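What follows draws every value from the coordinates through simple rules; no lab data is involved. The model shown is predicted, which means the values in this text are computed figures rather than measured ones. For neighbour counting, all protein chains shown are included, and Cβ atoms are generated from backbone atoms with ideal geometry for every residue, glycine included.
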Amino acid sequence: MNIAIITLTEKGIDTSKRIVSCLDTVHSLYIYKMSGKYENIRDEGILNNIVCFDEPLSQLVRKIFDNYNGLIFVMATGIVVRVIAPYIKDKYTDPAIVVVDDVGRYVISLLSGHEGGANQLAYKIAGILHTNAVITTGTEAHKDIIVGIGCKKGITSDEVKIALKDALDTVNQRMDNVRLLSTVEIKAKEPGLLQASEELGIPLGVVSLPEIATCVKEYSKSNFVKEKIGVWGVCEPAALMAGRKTQLILRKKKYPGITIAIARENFMW
């Protein structure tokens with residue numbers, strides 16, 4: 001995916017840098033020249049293609065709209081709606097459009113959510129920023145299963161997928177019902193997890209260690225995990241904290257090098 005980030009403010013630059021540092025598909029960063037912080041950003045070496053623009057944003061968008069598979073706007077949603085409106089064609093050809101507020105609190109899949117990959121991109125960015133993605137497409141609305149995963153270093157995609165299928169079969173759930181895979185931040189770049197996420201077409205969410213430390217819902221606790229990473233568990237709290245009104249329907253199940261727990265959102269007894 002060929003992605004560009006566009007931002008207008010100093011705070012937006014800081015948030016953009018956080019995204020660039022973890023998302024290797026970002027090819028270009030467009031910074032408004034009057035933001036006051038663009039002068040030294042090239043020296044930081046975070047990205048080769050950094051463009052400082054002083055033309056109206058609408059003109060910039062006109063030039064680049066069809067040049068990227070995805071556009072990440074770090075600014076207000078209203079601004080984005082107005083500047084992209086003249087160039088929207090259809091959901092099969094429009095780039096994925098994701099909007100992030102200046103300080104990275106909200107990540108919104110705005111356009112081409114399912115077909116264009118904006119939903120998947122929004123989940124990735126939300127994982128980087130340790131926040132939630134806002135997804136409103138109908139295809140995602142009925143998915144209510146979140147899978148928490150803990151794993152050893154070097155786990156393979158096939159091992160993840162085999163364990164995941166078995167765990168879902170245990171609770172009579174289908175892969176199509178899974179909205180999100182979730183893990184702890186120190187496993188967020190594990191190649192096998194990332195590859196499994198890509199191959200299954202299921203986003204990988206990330207829960208931070210401080211978030212797990214504050215989890216008030218009941219989950220299985222392990223002295224071994226506590227000694228290793230400083231929190232009492234991974235897969236169960238990762239599943240519980242990645243969604244809303246969650247309840248475990250499968251407690252931690254162990255596989256070779258992998259632990260899996262499954263939660264359902266908006267759970268009703």
* Compare F53, F224, F73 in a GNM of the chain, Cα atoms joined below 10 Å, and give the one with the largest fluctuation. => F224
* So who's got an amide H within less than 5 Å of the one on C52, skipping anything under 5 residues away but keeping other chains? H placed 1.01 Å off N, in plane. -> I31
* Sum up the charges of everything whose Cβ sits under 15 Å from the Cβ of Q247, counting Lys and Arg as +1 and Asp and Glu as -1, but leave Q247 out. => +3
* **Within straight-line cross-link reach of K253, lysines at Cα separation under 17 Å, skipping those fewer than 8 residues along the same chain** => K152, K161, K165, K221
* Asked: Which lysines have a Cα lying under 16 Å from the Cα of K63, excluding residues fewer than 8 positions away in the same chain?
  -> K89
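Please give the charge dipole size of the chain, origin at the Cα centre, charges +1 on K and R Cβ atoms and -1 on D and E Cβ atoms. Round to the nearest 20 debye. Let's see the in-between values first.
Details: 33 positive and 30 negative charges, 149 e Å.
Computed about the Cα centre, the dipole is about 720 debye.
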* Among G113, Q247, I72, pick out the residue whose Cα is farthest towards the positive end of the charge dipole of the chain, where Lys and Arg carry +1 and Asp and Glu carry -1 on C-beta, about the Cα centre. => Q247
* Structure fact -> Among V61, V225, V107, the residue with the largest mean-square fluctuation in a Gaussian network model of the chain built from Cα contacts under 10 Å is V225
* **Cut-off under 5 Å, modelled amide H: who pairs with L110 long-range** => I97, V98, V99
* Förster radius 45 Å - calculated FRET efficiency between T156 and K89 (Cβ-Cβ, nearest 0.05) -> 0.70
* Would you mind computing, in nm to one decimal, how far apart the modelled labels at K245 and S208 are, each placed 7 Å from Cα along Cα→Cβ? => 2.7 nm
* Asked: Under a plain spin-label model, where a point goes 7 Å from the Cα along Cα-to-Cβ, how far apart in nm are V81 and R62?
  -> 2.3 nm
* Would you mind ranking D24, D158, D101 by Cβ crowding within 10 Å, fewest neighbours first? => D24, D158, D101
* Structure fact -> Under a Gaussian network model of the chain whose springs join Cα atoms within less than 10 Å, the largest fluctuation of E227, E115, E198 belongs to E227
* Asked: What number comes out for the charge environment of A196, summing +1 per Lys or Arg and -1 per Asp or Glu over other residues with Cβ under 13 Å away?
  -> -2
* How far, in nm, would the chain grow between E265 and Y106 when pulled straight, counting 0.36 nm per residue and subtracting the alpha carbon separation? -> 55.2 nm
* Asked: For the residues V234, V26, V98, what sequence is obtained by ranking on other C-beta atoms within 10 Å, fewest first?
  -> V26, V234, V98
* Between N69 and K217, 0.36 nm times their residue separation minus their Cα-Cα distance comes to what? -> 49.3 nm
* Going by C-beta contacts inside 10 Å, put S21, S112 in order with the fewest on the left. => S21, S112
* To do: Apply the Karplus parameterisation 6.51 cos²θ - 1.76 cosθ + 1.60, with θ equal to phi minus 60°, to every residue of region 221-228 and state each ³J(HN,Hα) to the nearest whole Hz, in sequence, with x for glycine and proline.
  => 10, 10, 4, 4, 5, 4, 5, 6
* Asked: Straight-line reach from K245: which aspartates and glutamates have a Cα under 18 Å away, not including same-chain ones fewer than 8 places off?
  -> E140, D144, E211, E218, E236, E265
